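Everything on this sheet refers to the single structure shown next.
The values are calculated or read from the model by the stated rules, or taken from the named source; none is laboratory data. What you see is a predicted model, and the numbers here were worked out from it, not measured in a lab. Virtual Cβ from ideal backbone geometry, glycine too; neighbours counted across all protein chains shown.
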Amino acid sequence: MERRKIILDCDPGHDDAIAILLAGKSKYIELLGITVVAGNQTLEKTTKNALNVCQYLELDVPVYAGCGQPMIRDKQVISEEIHGESGLDGPAFEILERKAEEKHAVLYLIETLMNSDGDITLVPTGPLTNIAMAMRLEPKIVSKIKEIVLMGGTYQLGNVTPAAEFNILADGDAAHVVFTSGCPIVMVGLDVTRKVLCYPSIIERMEKSNSKASQLFGELMRFFNKSQKEVFGWEGGPLHDPVTVAYLIDSSVLKTKEMYTEIDIRGTQSYGRTNCDFFGNSGKKANSKVAVDIDTEKFWDIIEEGIKEYCAE
């Protein structure tokens, strides 16, 4: 069986951490590297979080720090109210010994893609700054990207403003670059990720595996659920980012619809909105597959199997 080669571009973040966990030991995925961007917290903190997760799970995957601010906007958006002061509050990690690679994430993306056979999928689960900067610095990488499977956007309601989802709002200009690049894109937005709420019963189910991975899952999700309850009133936090990895493991977990998606980078109240042409009113050719439904039972099965991969050791 040929494993899907991916680079995970993330901003850990509780749900990003679960995406790393799911990809790290999957027999369906070859995780080539992790590139980090500012988003859920500052770049210093998100990089430390990625390293902590890799060290804890004993994943031999290189981590590259990338962009710490948006391409154009002067305001960096973080999500401290959801992810805490560290960006990954909850678990008590041991002293961090792992270090990030010296190469900048953008340069790593360019170098790796240019030296590839066009068989690498990019999986951004944070703001799209690293990906867009790489495209602008070396446009030739666009034809070398097999697919971009991203968590971000919504064709319905935002979660930071009425119009916009966090990852796109954080750097709408970067999202504009990616969505106009011509790369094959699968957009996994709030429309489906809000359906996979991690209720306490789910945490109990995952902890039965009794491994370091199941323990990490429980510690992460208990804090995440607490903050989601305080901010949104939900009993379970939506596990946004791992849906991208679950889709790469089993594409039948999602139902997608081809749409033309345009990023609002000129508006004020609606900056960062992903305007998805659901009904084809614009007459423009689709540039993305937008997730419109998810098999929640299958998703949690995939998460459980991913956690069990760590039990074999």
Discussion item. Of everything in region 221-248, what is surrounded by 23 or more Cβ atoms within 10 Å (Cβ to Cβ) and β-branched (V, I, T)? Give them in sequence order.
Written reply: V243, T244, V245
Item to complete: Inspect all residues belonging to region 42-56 and state whether any of them is over 19 Å from the mean Cα position of the chain (by Cα), farther than 25 Å from T161 by Cβ and modelled with pLDDT of 95 or more.
Response: yes
Item to complete: Just one of (1) surrounded by fewer than 24 Cβ atoms within 10 Å (Cβ to Cβ); (2) at positive phi trips up G153, so point out which.
Response: (1)
Worksheet entry | Failed condition for F93, given (1) farther than 25 Å from I302 by Cα; (2) surrounded by fewer than 24 Cβ atoms within 10 Å (Cβ to Cβ); (3) in contact with an Asp or Glu (Cβ under 6 Å, 6 or more places away or on another chain); (4) not aliphatic (A, V, I, L, M) | (3)
Discussion item. Give me the helices (runs of 4 or more DSSP H) completely within region 95-182, filtered to those with at least 2 residues that are β-branched (V, I, T) and within 16 Å of I7 (Cα to Cα), ordered by residue number.
Written reply: 105-114, 129-137
Worksheet, complete the sentence: How many residues of region 48-73 are of a type in the set (S, T, Y) and within 13 Å of G33 (Cα to Cα)? The answer is 1
Worksheet entry | Residue check, K48 of a type outside the set (G, A, S), surrounded by fewer than 20 Cβ atoms within 10 Å (Cβ to Cβ) and under 30 Å from K229 (Cα atoms) | no
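Just to verify a result, which residue in region 257-299, among those that are outside any strand (DSSP E or B) and hydrophobic (A, V, I, L, M, F, W, C), is surrounded by the most Cβ atoms within 10 Å (Cβ to Cβ)? Spell out how you get there, then give the answer.
Of region 257-299, the ones outside any strand (DSSP E or B) are 260, 264-273, 277-287, 295-299.
Those still in the list that are hydrophobic (A, V, I, L, M, F, W, C) too: 265, 278-279, 286, 299.
On the way: I265: 18, F278: 14, F279: 7, A286: 15, F299: 22.
Ranking the candidates gives F299 first.
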